[in-house]
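Here the structure comes first, spelled out in C-alpha cells, and everything after it is commentary.
Values in this text are rule-based calculations from the coordinates and carry no lab data. Remember, it's a predicted structure, so these values are computed and weren't measured experimentally. Cβ placement follows ideal geometry from the backbone for every residue including glycine, while neighbour counts extend to all protein chains displayed.
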Amino acid sequence: MKTSYTSLDRFTSGEYEFDRPDRFRRLVETVQRDGIVARGAGVSYVAASFSPKAVSIETAAFDRILAFDPDRSWIEVEAGVSLGKLFEFLTPRGFHIPIQPGHPQVTIGGCVAANVHGKNQYSDGIFGSLVQELTLYHPDHGVVRASPTENAEIFDLTVGGYGLTGIILSVRIGIAKLAGAAVRQRNFRVDGLLAAFREVDRLKQDHDLIYCWNDLSRLGRNRGAGVVVTGSYVAGDSGGKAETNYKRLDPSAKKRLRPNVFTDKAMPWVNRIYAHQNRPASKPVDVPLFQFNFPAVGKEFFFDFFGDTGFVELQLLLPSDAVEAYVEDFLSLQESHGRPIALTTIKAVRGDQRLLHFNGNGFNFTIELRNSPQNIAFLNNLDDLNCRYGGITNIIKDSRLRPEIAERQYPEIDLFRQRLRTYDPRRRFSSALSERLLL
C-alpha cells in the first residue's frame with residue numbers, strides 16, 4: 001500500500017509504501033524484508049520515518065501501558081504510546097516524565113529514537129538518561145532486550161539511533177514525583193541576543209524549566225531582544241485540572257489553504273505581537289503543567305503559516321566559551337544576507353556528546369526560517385561558521401543538513417556507522433534521513 005507522507009517542516013514529501021500491523025505476529029511477518037523503518041506519530045521535523053527505499057511500519061496500534069511501579073519510579077510502555085496519554089495516566093498519580101518535547105502527540109518510541117530534550121536540558125539531560133530498558137525486533141536477531149548493562153552496545157545504537165536498529169517494541173523509563181499540576185512562570189525581558197545568552201546562563205540553576213524566545217526578525221538595533229521564560233513546579237494542586245485536549249498535527253494532510261503568513265515583511269509584526277503577549281508581568285503566573293510542557297498545543301497553525309513550501313530549522317549546540325565571539329559573527333552574517341528569522345530560542349544544556357547524540361556543554365540555539373533559496377544559502381554559510389566555533393547541528397531537526405557538515409560536527413559518526421554495520425550487515429532499516437547522511 002502507498003500513502004502520502006510529509007515531514008513537519010514540509011521539506012520532504014511524496015508517496016511512500018507503508019503497513020499498519022495491529023498485533024505482534026503481523027508485525028513480524030511484515031518486516032521480513034530489506035528496507036523498513038518504524039513510524040510513530042509522524043511529526044518529526046525531518047523525514048526520519050519514510051523513504052522511497054523503505055516500507056514505513058506504522059506503530060500506532062502498539063500503545064499499551066504495560067507496567068507501572070510507583071515505589072521504584074518507573075513505567076513500561078509500548079513504543080506507540082504518546083506523551084499525552086502518559087501525561088493523563090501519570091499526573092493524577094503524582095508523577096511525570098521530566099524530559100518531553102513540545103507536543104503531546106510525540107510517541108515514546110520517537111523520543112527514544114531521536115533522544116530528545118525538554119525544557120531544561122541543563123538540569124534534566126536528554127531522554128536517553130531516563131531509559132532503563134527497551135526491547136526491539138530485528139528480523140535477523142529476533143526480539144532483543146537491551147539496557148545499559150545488557151546488550152549495551154545495541155542499547156547505545158538504539159537510543160538516539162533514529163530507528164536504524166529495529167522496531168522498538170517497549171520501553172521502561174524512569175519517572176519523577178511531581179510537586180503539583182502547575183508551573184509558576186515568570187518572564188524576564190532581555191535587550192539583545194548576547195544579553196539573552198547571559199541571562200539564561202545566570203538563571204539556569206534556579207528554575208525547574210527555562211528557555212528564551214528572541215526576536216531576530218528585524219535587522220538593526222536591539223536585534224535578538226526577547227523574553228526568558230522560567231518555570232518552577234508549584235506544590236499542591238494550585239493549577240487545577242489541566243485541559244489535555246489538543247489538535248493533532250498532521251503534516252501529511254491535504255489542506256486547501258496554507259497561508260504564507262510568515263513573509264519577510266510580516267514576520268517583524270508577528271514577532272512584535274508575540275513579544276507583547278509574553279511581556280513580563282508584575283508577578284509570576286501559575287500555568288497548568290500540560291500547557292507549559294507542550295507549548296505547541298493551541299499553536300499548531302504556526303507550522304502552516306509558512307505556506308506550502310514550509311520552513312527550515314537549524315538547532316545548534318554552541319559551546320559556552322564560544323558564545324560572545326559567535327554572536328558577533330552570527331549577527332554579522334545575518335546582516336550581510338539580510339535574512340529575517342521567524343523564530344529564535346535559547347536553552348542551556350549540559351552533558352556528554354557521543355555517537356549521534358545532540359548533547360554537550362553550552363547552549364541550544366535554535367532558528368526557524370521560511371524555506372526559500374535565499375534562506376537556504378544563508379543557512380549553508382552558517383554551517384561553516386557553526387563548525388568553526390565547534391557547534392553541533394541537531395540531526396532530527398534539519399532537513400538540509402549535509403553529510404559533510406555532520407562529519408565535521410559529530411566526531412563519532414564513523415564509529416556509529418561501523419557498529420551499525422556490524423550489528424546489521426544487510427542494513428535492513430533505513431529512512432530518507434539515514435540515506436541523506438550516509439548512515
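Some notes on this structure:
- Euclidean distance between Cα centres, the stretch 6-52 to the stretch 197-232, Å: 37 Å
- Ordering of 280-288, 165-173, 411-419 by packing [mean C-beta count within 10 Å, highest first]: 165-173, 411-419, 280-288
- Exceeding the 18 Å Cα-Cα cut-off - candidates Lys347/Lys397; Lys2/Lys247; Lys119/Lys397: Lys2/Lys247
- Zero-based 10 Å bins, Cα pair distances in the stretch 68-178, whole percents: 15, 50, 30, 5, 0
- Residue of Gln132, Gln353, Gln374 that the Gaussian network model of the chain assigns the largest fluctuation, springs spanning Cα pairs under 10 Å: Gln374
- Net charge of Cβ neighbours under 14 Å - reference Gln32; Lys, Arg +1; Asp, Glu -1: +1
- Counted over all Cα-Cα pairs of the stretch 113-157, pairs farther apart than 13 Å make up 60 percent.
- Estimated translational diffusion coefficient (Stokes-Einstein, Kirkwood radius over Cα pairs, 25 °C, 0.890 mPa s) of the stretch 381-422: 222 µm² per second.
- When the charge dipole of the chain is built from unit charges on Cβ atoms (+1 for Lys and Arg, -1 for Asp and Glu) and taken about the Cα centre, the candidate among Pro268, Leu356, Val131 whose Cα reaches farthest toward its positive end is Pro268.
- Expressed in Å, the radius of gyration and Dmax of the Cα atoms of the stretch 188-320 are 17.0, 46.
- Signed unit charges on C-beta, dipole axis of the chain, positive-most listed residue Ile413, Val285, Ala113: Val285
- Among the GluC sites (Glu not before Pro) in the stretch 125-183, those placed in a DSSP loop whose Cβ has at most 12 other Cβ atoms within 10 Å are Glu150.
- Helices in the chain, meaning DSSP H runs of at least 4 residues, each add -39500 (n - 2.57). Divided by all residues, the mean residue ellipticity at 222 nm is -7500 deg cm²/dmol.
- Residue among Ser372, Asn394, Ser336 farthest towards the positive dipole end of the stretch 328-394, charges placed on Cβ: Asn394
- 20 Å-binned pair-distance histogram of the chain (Cα, whole percent): 26, 60, 14, 0
- Length-normalised contact order of the chain in % [C-alpha pairs under 8 Å, at least 6 apart]: 19 percent
- Neighbour net charge for Ala47 - beta-carbon separation under 11 angstrom, K R +1, D E -1: +1
- The stretch 294-405 - percent relative contact order, Cα under 8 Å, separation 6 or more: 38 percent
- Among residues other than Gln132 with Cβ under 12 Å from its Cβ, the summed charge is -1 (Lys and Arg +1, Asp and Glu -1).
- Cross-link pairs exceeding 21 Å between alpha carbons, from the set Lys85/Lys283; Lys204/Lys299; Lys255/Lys299: Lys85/Lys283; Lys204/Lys299.
- Prolate/oblate/rounded label for the stretch 288-439 (Cα gyration tensor, a/c 1.5): rounded
- Choice from Ala342, Ala253, Ala181 showing the highest fluctuation, given a GNM over the chain with Cα pairs closer than 10 Å: Ala253
- Residue of Asn120, Asn381, Asn394 that the Gaussian network model of the chain assigns the largest fluctuation, springs spanning Cα pairs under 10 Å: Asn381
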